[in-house]
Amino acid sequence: MKKQWWHNKIAYQIYPKSFNDTNGDGIGDIRGIIEKLDYLKELGIDIIWISPIYKSPFVDQGYDISDYYSIAKAFGTMEEFEELLAKAKKRNMYIVMDLVINHCSNEHEWFQKALSEPDGEYAGYFYFEKGKNGNPPSNYRSYFGGSVWEPIEGTDKYYLHSFAKEQPDLNWNNPKLKKELFKMINWWLDKGLAGFRIDAIMNIKKNLDFPDYQVDGNDGLTSITKMIEESSGIGDMLQEMKHETFEKYDAFTVAEVFNMREDEVEDFIGDDGHFSTMFDFSAHSLTFGEHGWYDSKPIEFNSWRSAIFESQTRCQGIGFLANIIENHDEPRGICRYLPEYALNDAGVKMLGTTSVLLRGIPFIYQGQEIGMRNCHMQNIEEYNDIDTKNQYYSALKAGLSNEEALDVCYVNSRDNARTPMQWSMEKNAGFSEGNPWLKVNPNYLQINVEAQINDENSILKYYQKLISLRKSEEYGEVFIYGDFCPAYLDKDKVYAFYRKLNDKKILVAANFGQDDVALELEKENKEVLLSNMGRKSLPFGTTLTLKSCEVVVVLYLK
Ligand code: TEU
Ligand code: CA
């Protein structure tokens, strides 16, 4: 594998609306990010991905962009963004923006022009299609529920939206549209951006016949993913984008890729792949229900471990995955992957260790480093997320009671990860002096940065140590380039792997079970590099007994 500048980097995702509000309007802002750069530097972060901050009506929290060239007023100004770029650079940190180019906002000037002239030039930027026999062009369900086709007033046509109806899909078969997008990407890279996180990118390739598929729900529709999965040829589009943009700047790109065929890993993240890296969603995908959140499945340890281990093994020698336990679309990782008995400081540190030391680029989501948890909302009005509302109503429609539907949201809602960052014990967790746009998790009195920063045993301090071990001069290379080799697979509830490079071998072993577990270690001399339970050395002999929720990182000495 070719060496790249971003191979040794640690990334952090900021959800700007909920990160840090400096002017009291209840919404996080760019100034708030600038204020916290030193905090992130201290944590060991190199790359910061900021979820969309472009101008937007915020129907889907900024994933509906109405002007790709301006910053949303609520977040600040272009000058402030440039200041952020400069101040990050001064600290050797890199800023990565969200690139949302499968769709834009219905308020984007292109779409407005298209609507006013449905046979004109701009209609060709979108999918304007005639219906079939009085019905929409096909029977696909959008990701946020309901048909992907929305009638265009005064015409016999419909436009396609894979997500909300306020997010019309852009037509990537139109060379003019592509040129506009490439120009925009380069404009940002010229400013000094290090790269992009690329949103929902698999959706840009469509089957233009829009064939119907068998209905798979009681709404008479079928998931749009079937059409997406059967459309081949996305590779050419992605290569073209890469050559026209990212490649010229040696930019870092991390893609949100669902529905990729397993034999395409090299095409996507190999040396000449479409992207630098892509998120490993294999764990998240295990929870997908057949109809939605109301029939989503809880994580079962063995399938979870196999899913991650298979992803790791599949990419070995080819490229790097971006490893996460959560993001702005998922509930908090500790609430999802840790059983009830492990939802404590030790468990949180254990889960963090097993994720950060995998082979790949670690991405930490804001609040993960202090153990932020899902947030109980009292009623559906307390939620803001468009998809949570949609999932709540479809749960009711499927026959769940109000209470049961709210429970479904508590387990799955995207707002779980979007509640304001908990900085201190002050009002609104120190996030804002005004009225936060989304409820602050009441647990902020126990879980916050201020309380943890001076406590040597805190989750935050542990994350600092974990990241600094991963980046250390002595072991960094093993953690970056070392092979991933599963270990102790026969042990129930043990999540263990080696990282091996040349003569260096490191074991990461965690006990997700409720009882002690004994592992037989190899005979070589060993040293403890990191422990979540203050373990300084290993017992005499070769048996290592791990307590419940214990993780240990062991160096084998040659
Ligand atoms: O997500 C795309 C996606 O396919 C899912 O993660 C989706 O959000 C989920 O199935 C719905 O619960 C991206 C963004 O990460 C997400 O926040 C946006 O809402 C979406 O694209 C549309 O831009
Ligand atoms: Ca603000």
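The values are calculated or read from the model by the stated rules, or taken from the named source; none is laboratory data. This is a predicted model, so every value here is computed, not measured. Here the Cβ is made from the backbone with ideal geometry for all residues, glycine too, and neighbour counts use every protein chain on show. For the accessible areas, the whole protein counts, side chains as well, though only heavy atoms, and no ligand, DNA or RNA atoms are used. Shrake-Rupley method; radii C 1.70, N 1.55, O 1.52, S 1.80 Å.
Things worth noting here:
- Residues of the stretch 396-406 that are open to solvent by 80 Å² or more (accessible area, probe 1.4 Å) and either within 10 Å of N379 (Cα to Cα) or in the same structural domain as H376 (by TED's automatic domain parsing) (or both): N402, E403.
- Check on M93, within 16 Å of ligand 1 (Cβ to nearest atom), open to solvent by less than 30 Å² (accessible area, probe 1.4 Å), under 30 Å from Y481 (Cβ atoms) and in contact with a helix residue (DSSP H, G or I) (Cβ under 8 Å, 6 or more places away or on another chain): no
- Taken over the stretch 187-220, the criterion of being assigned to a helix (DSSP H, G or I) and of a type in the set (S, T, N, Q) is satisfied by N203 alone.
- Elements of type strands (runs of 3 or more DSSP E) contained in the stretch 461-558, each with 3 or more residues being in contact with a helix residue (DSSP H, G or I) (Cβ under 9 Å, 6 or more places away or on another chain), crowded, with 18+ Cβ neighbours inside 10 Å and at positive phi: none
- Among the residues of the stretch 12-50, those that are small (G, A, S), in contact with an Asp or Glu (Cβ under 7 Å, 6 or more places away or on another chain) and touching a residue at least 40 places away in the same chain (Cβ under 8 Å) comprise G24, G28.
- Scan of the stretch 165-199 for residues that are open to solvent by less than 20 Å² (accessible area, probe 1.4 Å), touching an Asp or Glu at 6+ places or on another chain (Cβ under 6 Å) and outside the structural domain of V257 (by TED's automatic domain parsing), ordered by number: Q167
- Qualifying residue in the stretch 372-395 (condition: among the small types (G, A, S), open to solvent by 30 Å² or more (accessible area, probe 1.4 Å) and either touching a His at 6+ places or on another chain (Cβ under 6 Å) or not in a strand (DSSP E or B) (or both)): yes
- Answer from Y488, Y475, Y462 - the residue that is under 26 Å from the mean Cα position of the chain (by Cα) and closer than 21 Å to L357 by Cα: Y462
Yes or no, residue by residue, for (1) touching a Phe, Trp or Tyr at 6+ places or on another chain (Cβ under 7 Å); (2) within 14 Å of ligand 1 (Cβ to nearest atom):
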site: K113; (1), (2): yes, no
site: G124; (1), (2): no, no
site: F128; (1), (2): yes, no
site: P137; (1), (2): yes, no
site: P151; (1), (2): yes, no
site: Y159; (1), (2): yes, no
site: F163; (1), (2): yes, yes
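- In the stretch 407-425, residue nearest to ligand 2 (Cβ to nearest atom) [restricted to those that are touching a residue at least 24 places away in the same chain (Cβ under 8 Å) and surrounded by fewer than 20 Cβ atoms within 10 Å (Cβ to Cβ)]: S424
- Residue in the stretch 133-159 that is surrounded by the fewest Cβ atoms within 10 Å (Cβ to Cβ), counting only those that are acidic (D, E) and more than 18 Å from N102 (Cα to Cα): E153
- Taken together, the criteria exclude G292 from residues that are open to solvent by 30 Å² or more (accessible area, probe 1.4 Å) and at positive phi.
- Qualifying residue in the stretch 192-206 (condition: more than 24 Å from F246 (Cβ to Cβ) and touching a strand residue (DSSP E or B) at 6+ places or on another chain (Cβ under 8 Å)): no
- Condition met for P442 (modelled with pLDDT of 95 or more, open to solvent by 10 Å² or more (accessible area, probe 1.4 Å) and in the same structural domain as Q61 (by TED's automatic domain parsing)): yes
- Every pair of residues 6+ apart whose Cβ atoms lie under 6 Å, when the first sits in the stretch 296-324 and is farther than 30 Å from L400 by Cα while the second is of a type in the set (D, E, K, R): S311/D280; Q312/R359; I318/E266; L321/D280; N323/D280
- Hits in the stretch 68-90 - residues which are within 16 Å of ligand 1 (Cβ to nearest atom) and more than 22 Å from M202 (Cα to Cα): A72
- When A251, A307, A255 are checked against the criterion of being in contact with a Leu (Cβ under 7 Å, 6 or more places away or on another chain), under 23 Å from N102 (Cβ atoms), among the hydrophobic types (A, V, I, L, M, F, W, C) and crowded, with 18+ Cβ neighbours inside 10 Å, A251 stands alone in meeting it.
- Filtered by the rule that a residue be touching a residue at least 12 places away in the same chain (Cβ under 8 Å) and part of a loop (DSSP other than H, G, I, E, B), the stretch 272-289 gives G273, H274, F275, S276, D280, F281, L286, T287.
- First in the stretch 329-349 and more than 22 Å from P420 (Cα to Cα) and open to solvent by less than 10 Å² (accessible area, probe 1.4 Å), second anywhere and at pLDDT 95 or above and not in a helix (DSSP H, G or I), Cβ under 7 Å, 6 or more apart: A342/F512; A342/C549; G347/L338; G347/C549
- Members of the stretch 1-36 found to be more than 25 Å from D250 (Cβ to Cβ) and either among the small types (G, A, S) or under 19 Å from the mean Cα position of the chain (by Cα) (or both), listed by number: Y15, P16, K17, S18, F19, G24, G26, G28, G32
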